Structures are given as C-alpha cells and as structure tokens.
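These notes are about the structure you will find just below.
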Amino acid sequence: MSAVEHLRATLAANRFMPVPPPGLILCGDGDFRAIGLKFLGHLVGRGGLAPDARVLDLGCGVGRIALPLTQYLSAGGAYDGVDIMPAPIRWCAETITPVYPNFRFRALDLHHPLYNPGGAEAADGVTLPFPDASFDFVCMISLLTHLEPAELTRYAQEVARVLTPGGRCFATAFLLNPPARTALRAGRNSGPAHLGFDPDEPGPVLYADPAAPLAAVAFDEDFLLERFLRFGLVRRARAGYGAWSGRVSPFFQDLCVFERT
C-alpha cells in the first residue's frame, strides 16, 4: 500500500468527520466523503501538498476538501476556503472553524448566473482578499469548468499573485485537445455523465448547454495553459486526463498541477 493509499484508508476509517446536510451539497455527485478523500490523495500524490502548507481553496463549497484536510494539515499549516455561495460557507464556518481555528471560510459576492445570480461584483474583476505570496498551495476543483474566458484569465492572475514562488496550484478542467475531440466524436462519453460538448465547434471555449453556458465549460488545452503561463504559472507535467470525453480514466475531469515561477 502506497503512502497516499494508506492516508486515504486511515481517514476513511475516521467516523467523526461531519457530513453537511444534503441540501447544502450543491456541486458534484457521488459519496461526499469518498470524493473528498480521493481528491486529498490527488493533492498529496500529484500536487505534492505538504502537511504544513498554507492552502487556499477557491470554490470550496461546503467543505468537501476542507474536511479531509483537517486530518492532514499540521498545526503549522492553514486553510482558507472561499466560495460565492453564502449558505455553504456559513455551515463550514459554524461547523469546522470552532474545532479547527486554522481553517477559515469567507464568501465573495461575485455574480454567477447559476450559483450566485444576485452577486454584486463581476468575477472577471475579482481581487482575492489576501496579500501577495500568502499561500503555498491553491486548489481550484470544479471552478474553471464554470467560468467565462475573461474570468479564467482573472483567476489565473490572482492565483499567481497570492502564491509564493514555487507554490503550486491544483486545478481541474475540461481540456479540449485532439484525443478529447476524437473521443467525443466517437460518442464514447454517451453514458449517464454525457455533457453534450460539440467536438466540431472550433473553440477555444465550448459550452455543453447553450441554454445554461456556465453549467459546464471546456477550454482548448493550449488556450488554458497560455492563460496560466502569462502570469508565471507553468504546468509541471502532463495533465491527468479524465473520463469526461470518453477516455478510460479513474477520475472525471482533467487534473493539472501548475507551479509559480
């Protein structure tokens, strides 16, 4: 058993991690705890997340990543979770922070047509409420898949600003490239998780549902990489490509790890 597998097994046996009420689990399907533990394994195994890291979780939701991290981060580590949905943030702040004071949560009042339609501020002008170089590790799980290109660019800029040199960003996305388009054309993603992207659309951005464009957004891989690279965020290795397009993969979205130069 690898160190990451041992970590997952140990945390899976912990029955005292709370699970939020179903009405607050607004993003993602499947077992809440199991998915969180799986992603923790990716953060450690692929991303190199250290126990004493200062972590920023953008789009933290109701704590799917925060809860297993409470069992992994040491007293020297810290966690800040940010989301645009106030109810999940409130639950995290009331449930997690009193037990783990180094875990903090805050809501940003950014407009999003699905997740915060009454938001007062535009996401393409967001300034994260943190000083420069204040984090060692940034998570963006199921966030880029709900952004317009200008918003993607602004988030990449802000992530680069708040990361320390050498800090890392773990991000998931739907990355369009020739193998993904070939799989989509072959209809290999026609199962229950079928998203509806048209592989013959030119890009660089595709929407799965034109009636609700930000429900699922895919970017040409080179387009997304350039947006991160222009702010000094270099992808460390080839992406872990997911099953969303029809590939055979243990994860759904594509996984990327960027490093701040």
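Remarks
- Built amide H within the under 5 Å cut-off of R104, gap 5+: Y79, D80, G81
- In this simple spin-label approximation, E94 and D132 carry label points 7 Å from Cα along the Cα→Cβ vector, and these lie 3.9 nm apart.
- Here the Karplus curve 6.51 cos²θ - 1.76 cosθ + 1.60, taken at θ = phi - 60°, turns the phi angles of segment 205-210 into couplings of 10, 10, 10, 5, 10, x Hz, with x standing for Gly and Pro.
- Average projection, convex hull of the Cα set of the chain: 13.5 square nanometres.
- Label-point separation in nm, A150 to A212, each point 7 Å along Cα→Cβ: 2.4
- About its Cα centre, the dipole of the chain is roughly 800 debye, where the only charges are +1 on Lys and Arg Cβ and -1 on Asp and Glu Cβ.
- Estimated vicinal HN-Hα couplings, Hz - segment 256-261 in sequence order (Karplus 6.51, -1.76, 1.60; Gly, Pro = x): 10, 10, 9, 10, 7, 7
- Electrostatic tally near R154: other residues with Cβ closer than 15 Å to its Cβ, Lys and Arg +1, Asp and Glu -1, net -3.
- Per-selection metrics, segment 197-240 (Cα): Rg and Dmax in Å: 12.4, 35
- Carbon + sulfur, % of accessible area of the chain - ligands and nucleic acids excluded, 1.4 Å: 57
- Over the chain, accessible surface divided per residue gives 44 Å², non-protein components excluded, 1.4 Å probe.
- Relative contact order (%) - criterion: Cα under 8 Å, at least six apart; region: the chain: 15
- Whole-Å distance, taken between Cα centres, linking segment 107-137 and segment 195-235: 20
- Each helix, a run of at least 4 DSSP H residues, gives -39500 (n - 2.57); summed and divided by the residues of the chain, these come to -8000 deg cm²/dmol at 222 nm.
- Built amide H within the under 5 Å cut-off of A208, gap 5+: A216, A218
The values are calculated or read from the model by the stated rules, or taken from the named source; none is laboratory data. Quantities reported herein were computed from a predicted structural model and do not represent experimental measurements. Note that we place each Cβ from the backbone using ideal geometry, even for glycine, and neighbour counts take in every protein chain shown. With ligands, DNA and RNA removed, areas are computed over all heavy atoms of the protein, side chains included. Shrake-Rupley method; radii C 1.70, N 1.55, O 1.52, S 1.80 Å.
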